[in-house]
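**Student:** Structure below; questions to follow.
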Amino acid sequence: MSQSLVELIEHADERGLAASALACLDRCLPLLDPAPADEVLRALWAAVARGEDGWAGRLAEAQDTVARDGEPADDEGALVRRMLGDAPRVWAREPLARWADACSLTALALHQRLEPGSSGTPERCRAGDPDGAGPLVDGELRRQIRILEVLAAGGAGGLRLTRDITAEGRRVLRAVVSRRARSA
């Protein structure tokens, strides 16, 4: 790994920060009960593609849709809702950087909660020291890094690849949540 996740976030532009944070949130949606349909964030992804244009309105729509689903049943759901609730309505580097940083930490912490025996902390993982992280946390860390690298490289397919990487992570988390529900 050439750059730590923290360094990648520090160097990302507004679109990269918004996409990175949204991708973390999107991958964690299976932790909401009931899990919203994948379409909940579709309009917000489109707003990221356009940049500042339409961001605040699309964000408000996504927040309203998730809020209508009621209160979270557990701490994990509350953290996912907070990820969306903390999204800045203003399209500016500093608030987007704070949101991306918080979403990154929250996503790693949520993955760690689902992985018994994982001893690496989200902060250490993000700083480039993934020792002790189990495969679930390590996979989330790799997805976050890959997304920021893809977005930093630019190009027309960056957001599409970001969404593909995110969909894979969401499938992994759905499987973990399903397995946990069966064993409970």
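The values are calculated or read from the model by the stated rules, or taken from the named source; none is laboratory data. From a predicted model like this one, the values you see are computed outputs, not experimental measurements. For neighbour counting, all protein chains shown are included, and Cβ atoms are generated from backbone atoms with ideal geometry for every residue, glycine included. Side chains included, ligands, DNA and RNA excluded: accessible areas come from the protein's heavy atoms. Shrake-Rupley method; radii C 1.70, N 1.55, O 1.52, S 1.80 Å.
**Student:** Quick one: which helices (runs of 4 or more DSSP H) lie wholly within segment 74-184 and hold at least 3 residues that are under 15 Å from A23 (Cα atoms)? I'd like the intermediate steps shown before the answer.
**Tutor:** Working: elements: 75-85, 93-113, 122-126, 135-153, 158-183.
Once the helices (runs of 4 or more DSSP H) in segment 74-184 are filtered for at least 3 residues that are under 15 Å from A23 (Cα atoms), what remains is 75-85, 93-113, 135-153, 158-183.
**Student:** Being modelled with pLDDT under 95 and farther than 30 Å from G57 by Cβ narrows it down to one of R174, R179, so name that one.
**Tutor:** Selected residue: R179, the only one of R174, R179 that is modelled with pLDDT under 95 and farther than 30 Å from G57 by Cβ.
**Student:** Among the residues of segment 46-58 satisfying the criterion of being touching an Asp or Glu at 6+ places or on another chain (Cβ under 8 Å) and open to solvent by less than 10 Å² (accessible area, probe 1.4 Å), which is farthest from A78 (Cα to Cα)?
**Tutor:** Here the residue is G51.
**Student:** Within segment 27-46, can one find any residue that is under 14 Å from Q144 (Cβ atoms), touching a residue at least 40 places away in the same chain (Cβ under 8 Å) and assigned to a helix (DSSP H, G or I)?
**Tutor:** Among the residues of segment 27-46, at least one is under 14 Å from Q144 (Cβ atoms), touching a residue at least 40 places away in the same chain (Cβ under 8 Å) and assigned to a helix (DSSP H, G or I), which makes the answer yes.
**Student:** Turning to a different aspect of this structure: Please state which one of D86, D74, D101 is in contact with a Phe, Trp or Tyr (Cβ under 9 Å, 6 or more places away or on another chain), surrounded by fewer than 21 Cβ atoms within 10 Å (Cβ to Cβ) and touching a residue at least 12 places away in the same chain (Cβ under 8 Å).
**Tutor:** D86
**Student:** Just to verify a result, which residue in segment 10-24, among those that are crowded, with 24+ Cβ neighbours inside 10 Å and not small (G, A, S), is nearest to P95 (Cα to Cα)?
**Tutor:** If we filter segment 10-24 for residues that are crowded, with 24+ Cβ neighbours inside 10 Å, which is where we start, we get 16-24.
Pick out the ones that are also not small (G, A, S) and you get 17, 22, 24.
Details: L17: 9, L22: 14, C24: 16 Å.
Top of the filtered list is L17.
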